[in-house]
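Read the structure below first, then the notes.
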Amino acid sequence: MPIFMIDRDFVDHDSAAVESAALRALACSYRFDDLRWIRSFADEERHTITCVYEAASEEDLREHARLAMIPCGDVRAVTEIGPEMFEGRETEGAVEPTTSLIHVPSTTRDGEL
Amino acid sequence: MSGDSSERPDAPPLAAARSRETEHSPPLTSGGGDLIRSVSEGMRRVGDDLGIHDLSMDATFVSFLRHASRFGVFSFGPITLDLAVVEDAAMRYGVPGDQPLGRDEDEARERFWGLVAEEQRRSGRRAIDELHFLLAFMRLNWGLAGRIIGELGVRPQQVEGAARAGAGRQEGLEKLYTPEEAAEYLGVHVQTVRAWIRSGRLRAHRLVGQRALRVRASDLGSVLEPVDPAELR
């Protein structure tokens, strides 16, 4: 499922208004089969909230924002990168390599390949 | 109630929604994400079943009642509602499904979810539950919920009192926690829980004939106290 990042301008950064918006977003997310709110980050300096969603399409996200009565600015598809990719932790769908990633070429006695 | 465009001064009272003290206030079910999902998904079914706008506050209220009712009756403390009567009223007075919601209704939706969040904060409970929803409907005082509960003359303080009293009467049904389980739930060391029990701050019981301690779920709240947001700034 694609992951999207959404920028939302929030004029009213009052915590009550933000909580109300978050709850509306959560409630409305259940109206879509393939839409999941992952996480949001509020930037109080820039008066924006950046949201990360899993969704079938940008259209679904814009419709979701309309139903939840929340702002919806830039929507862009992104790729998720995390430390678990390098630390050998279990991730969903991960496939273990069956051969070494480093190929050591064979050499002759004289050191020629 | 304020600003409800569907209110008619001559509308008859919803006779089957009645206010009476009940001795037994069954616990509202545990809430959290399941509650929000259940109410949200239920709103579409309410809209289809009753022909009202599925984003309206009336649809939210009916969906909530459907989630929290048993055998067609919603009952909590001084509030008892016949779901069929409420749904009938929703069909008569709710915003029709083929009409857009007005600005007043949109503002009511914003206020409602803000009140739910506020009730959760005030209670100190980790997840949003049915009591938070019920109190938010009461404090919002809008649409069908405002009208019905207004006719019953029930105040939020009565519902909160019933919640406290009702939880204490669930001895046979209430979840019991070992000190270790209580510590995990509260996010503290088990020695902290034992210290609270020794000091009397946290009530505990022994199983008959055994040394094992048990703490009732309803007593866990005694070690929580609401935080004034002003303290955190």
Open item on the list: I'd like the mean, over residues of B:96-106, of how many other protein chain beta carbons sit within 10 Å of each residue's own Cβ.
Closed with: 0
Open item on the list: Highest mean first, how do B:58-67, B:129-138, A:75-84 rank when packing is the count of other Cβ atoms within 10 Å averaged over residues?
Closed with: B:58-67, B:129-138, A:75-84
Task: Dipole magnitude of the stretch B:32-97 about its Cα centre (Cβ charges: Lys, Arg +1; Asp, Glu -1), debye to nearest 20 - done: 120
- [ ] Count, for each residue of A:17-27, the Cβ atoms from other chains sitting within 10 Å of its Cβ, then give me the mean as a whole number.
- [x] 6
Open item on the list: Please report, in whole Å³, the volume per residue of the convex hull around the C-alpha atoms of the stretch B:78-228.
Closed with: 148
Task: Projected label distance in nm at B:Leu101 and B:His205, using a 7 Å step from Cα toward the beta-carbon - done: 4.4
Task: Ordering of B:211-221, B:140-150 by packing [mean C-beta count within 10 Å, highest first] - done: B:140-150, B:211-221
Task: Under the Karplus curve 6.51 cos²θ - 1.76 cosθ + 1.60, θ = phi - 60°, whole-Hz ³J(HN,Hα) for the stretch A:31-38, x wherever Gly or Pro sits - done: 7, 10, 5, 10, 9, 9, 7, 9
Open item on the list: Through the Karplus equation 6.51 cos²θ - 1.76 cosθ + 1.60, θ set to phi - 60°, convert the phi angles of the stretch B:115-131 into ³J(HN,Hα) values in whole Hz; use x for Gly and Pro.
Closed with: 5, 4, 4, 5, 5, 5, 4, 4, 6, x, 7, 5, 10, 5, 10, 4, 5
- [ ] Name the long-range amide H neighbours of B:Ile52: under 5 Å, sequence gap of 5 or more, or other chain; modelled H, no Pro or chain starts.
- [x] B:Gly97
TODO: Using only atoms on other chains, find how many Cβ atoms lie within 10 Å of each Cβ of peptide B:111-121 and report the average.
DONE: 5
Task: Ranked list, fewest to most other Cβ atoms within 10 Å of each Cβ, for B:Ile52, B:Ile197 - done: B:Ile197, B:Ile52
Task: Order of B:Phe74, A:Phe10, A:Phe86 - criterion: other Cβ atoms within 10 Å of each residue's Cβ, fewest first - done: A:Phe86, A:Phe10, B:Phe74
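Computed from the coordinates by the stated procedures, all read-outs in this text should not be read as laboratory data. Predicted model only: the values in this text are computed from it and were never measured. Methodologically, a virtual Cβ is constructed for each residue, glycine included, from the backbone with ideal geometry; neighbour enumeration extends over all protein chains shown.
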